Amino acid sequence: MNTNVIAIELPLRGEWFTEVSPGDRLPSHGTNRFGLRYAFDFIQVDWENPKHPTHDENNFGYFTKGIPLESYYCFGKSVYSPFSGEVVTVENNMLDGEKASWVQDQTSAIRNSLFFDPKRDGFETVAGNYVVIKKEDKIYAVFCHLQSDSIVIKVGEKVQKGQRIGNVGHTGNSTEPHLHFHLADAANPENARGLPFVFGQYEKYENSKWQKVTNEIPAAKDHIRFVG
């Protein structure tokens, strides 16, 4: 392993589905803005169902009446700090809404893609409730779309690796409840550049068994878990 590579702990516990990964393309989210080059999106799915749904409702409902957020497997699950550090930013004023809806979410995504201005609108318009934790100079962890009123840390607080910081939510520019996570070299998203990193240890389900993985990153569609 390259000793210059940043190795951190997964910010989640239990089993997760890697929805978006920098292991598949760069920039992973289609842009380098706001430090997003190496960003991940994580969700939970029903692994017993071959279609791996993210909720326990009829999927048609997403395109019509919407899906209650409580029906999503990952909504409200705890999020943890991947290293010890200092909290430098907390945005906790955005609401989740009651449902995830294709019409509502696509309208928001299109509006933000066309008209979003970070100076005018604020980063929280796209990130939702978010937290930034400083590990050291030029290494910051960013957690986005956190659940309304779930953040339990405050600016200036010293946090420990593995400490709970909040819950997975559906705030900001989010098509369904999920955790967006990345590292950046600055706390201010307007000036930030994304940083590559690895997860020090986790497990990957492959060939019908769990396999330990060290100092790597999961690819999109990987079934992973971390128990802390």
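We did not get these values from a lab; they are worked out from the coordinates using the rules stated. Since the structure is predicted, the reported quantities are computational estimates derived from the model, not experimental observations. Cβ atoms come from the backbone with ideal geometry, glycine included; neighbour counts cover every protein chain shown.
Quick notes on this structure:
- Of all residues assigned to the range 6-18, at least one qualifies as being under 11 Å from the mean Cα position of the chain (by Cα), more than 18 Å from residue 165 (Cβ to Cβ) and crowded, with 20+ Cβ neighbours inside 10 Å.
Per-residue answers, yes or no, for (1) of a type outside the set (A, V, I, L, M, F, W, C); (2) within 30 Å of residue 102 (Cα to Cα); (3) touching a helix residue (DSSP H, G or I) at 6+ places or on another chain (Cβ under 8 Å):
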| position | (1), (2), (3) |
| --- | --- |
| 181 | no, yes, no |
| 185 | yes, no, yes |
| 191 | yes, no, no |
| 197 | no, no, no |
| 206 | yes, no, no |
| 209 | yes, no, no |
| 227 | no, no, no |
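- Residue within the range 187-195 that is in a strand (DSSP E or B) and either free of Cβ contacts under 8 Å to residues at least 12 places away in the same chain or surrounded by 14 or more Cβ atoms within 10 Å (Cβ to Cβ) (or both) present: yes
- Tabulated pairs, the range 203-219, first in contact (Cβ under 8 Å) with a residue 40 or more places away in the chain, second among the β-branched types (Val, Ile, Thr), C-beta under 6 angstrom, 6+ apart or interchain: 215/198; 217/198; 218/18; 218/224
- The lone exception for residue 165 - which of (1) touching a Pro at 6+ places or on another chain (Cβ under 9 Å); (2) closer than 23 Å to residue 55 by Cα it fails: (2)
- Residue within the range 210-226 that is crowded, with 17+ Cβ neighbours inside 10 Å and under 16 Å from residue 36 (Cα atoms) present: yes
- Subset of the range 56-79 (residues that are among the charged types (D, E, K, R) and over 12 Å from residue 169 (Cα atoms)): 56, 57, 65
- Meets criteria (under 27 Å from residue 46 (Cβ atoms), in contact with an Asp or Glu (Cβ under 6 Å, 6 or more places away or on another chain) and of a type outside the set (Gly, Ala, Ser)) for residue 225: yes
- Boolean, residue 184 is within 14 Å of the chain's Cα centre (by Cα), of a type in the set (Gly, Ala, Ser) and closer than 23 Å to residue 216 by Cβ: yes
- Pairs, first surrounded by fewer than 14 Cβ atoms within 10 Å (Cβ to Cβ) in the range 48-60, second outside any loop (DSSP other than H, G, I, E, B), C-beta under 7 Å, six or more apart: 56/71
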